[in-house]
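One structure below.
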Amino acid sequence: MDISAGIQASLAGRYASALFDLASENGTVTAVESDLAKVEAALAESDELAAVTTNPKVSRDAAKKALWGVSALLGVSELTQNFLGVLAQNRRLSQLPQVIRAFRAIAAAQRGEVTAEVTSAHALTDAQLADLKTKLTAREGRTVKLSTKVDPDLLGGLVVTIGSKRIDASIRTRLNSLSQAMKA
């Protein structure tokens, strides 16, 4: 599997790559990806847990015990639990969100998937999302996974970002372009 040089070059990418290699050897990539999603959700929900991962005053052992306790409550696999312990021991817990993103990117690339971030002025219906997914899959030539968010400032239309490519079909951008054309 070819991992992008950008991911490999980053500290988080190296940790994610190592975790992916271990998960691949054990055949548990999907389970680890699920575990990391649980940990990410726990970090988002708990300010205390987030503080443990970012506060340099928390000792390595205290951080490791805290993460092991949380991972036991979340029911994560032994591999993920041990990985969190390694991050704590190496004082790299502050990199955990980036490691999770990098792991997802590596796993998606291995499956031949690409993630499209879709921003719309209003929430899209399931039918609209399915239609968009079909069109983007045909355009990209590989499976597209959609990540959606709503930004009322767009006024209407969509902004789709796939990797470094951006398709901006928002009304806000069209109005700005029209305004610039009128000034010239």
Inset, instruction - Might you check whether a residue that is in contact with a Pro (Cβ under 8 Å, 6 or more places away or on another chain), assigned to a helix (DSSP H, G or I) and open to solvent by 30 Å² or more (accessible area, probe 1.4 Å) occurs anywhere in segment 74-81? - result: no
Legend entry - Condition met for E48 (closer than 13 Å to I100 by Cα and assigned to a helix (DSSP H, G or I)): no
Inset, instruction - Kindly establish whether L84 is over 30 Å from S164 (Cβ atoms) and in contact with a Leu (Cβ under 7 Å, 6 or more places away or on another chain). - result: yes
Inset, instruction - Answer yes or no as to whether L67 is of a type in the set (A, V, I, L, M), modelled with pLDDT of 90 or more and open to solvent by less than 40 Å² (accessible area, probe 1.4 Å). - result: no
Inset, instruction - Restricting attention to segment 25-50, report how many residues are open to solvent by less than 40 Å² (accessible area, probe 1.4 Å), over 18 Å from the mean Cα position of the chain (by Cα) and of a type in the set (G, A, S). - result: 1
Inset, instruction - Please find, within segment 82-120, the residue that is nearest to the chain's Cα centre (by Cα) out of those that are hydrophobic (A, V, I, L, M, F, W, C) and open to solvent by 50 Å² or more (accessible area, probe 1.4 Å). - result: A109
Inset, instruction - Run down S94, S164, S147 and say which single residue is modelled with pLDDT under 85 and not charged (D, E, K, R). - result: S164
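Okay, residues lined up against (1) in contact (Cβ under 8 Å) with a residue 40 or more places away in the chain; (2) surrounded by 14 or more Cβ atoms within 10 Å (Cβ to Cβ); (3) in a helix (DSSP H, G or I):
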site: H122; (1), (2), (3): no, no, no
site: A127; (1), (2), (3): no, no, yes
site: S147; (1), (2), (3): no, no, no
site: V159; (1), (2), (3): yes, yes, no
site: D168; (1), (2), (3): no, yes, no
site: R174; (1), (2), (3): no, yes, yes
site: Q180; (1), (2), (3): no, no, yes
Inset, instruction - State yes or no: is L22 at pLDDT 90 or above, part of a helix (DSSP H, G or I) and surrounded by 19 or more Cβ atoms within 10 Å (Cβ to Cβ)? - result: no
Inset, instruction - Report, ordered by the first and then the second residue, all pairs with beta carbons closer than 9 Å, sequence separation of six or more or different chains, a first member in segment 28-41 that is under 10 Å from L74 (Cα atoms) and in contact (Cβ under 8 Å) with a residue 60 or more places away in the chain, and a second member that is among the small types (G, A, S) and crowded, with 20+ Cβ neighbours inside 10 Å. - result: V39/S71
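The values are calculated or read from the model by the stated rules, or taken from the named source; none is laboratory data. Only a predicted model underlies this, so the values are computations on that prediction, with no experimental measurement involved. We place every Cβ from the backbone using ideal geometry, glycine too, and count neighbours over all the protein chains shown. Note: accessible area is taken over every heavy atom of the protein model, side chains too, but ligands, DNA and RNA are not part of it. Shrake-Rupley method; radii C 1.70, N 1.55, O 1.52, S 1.80 Å.
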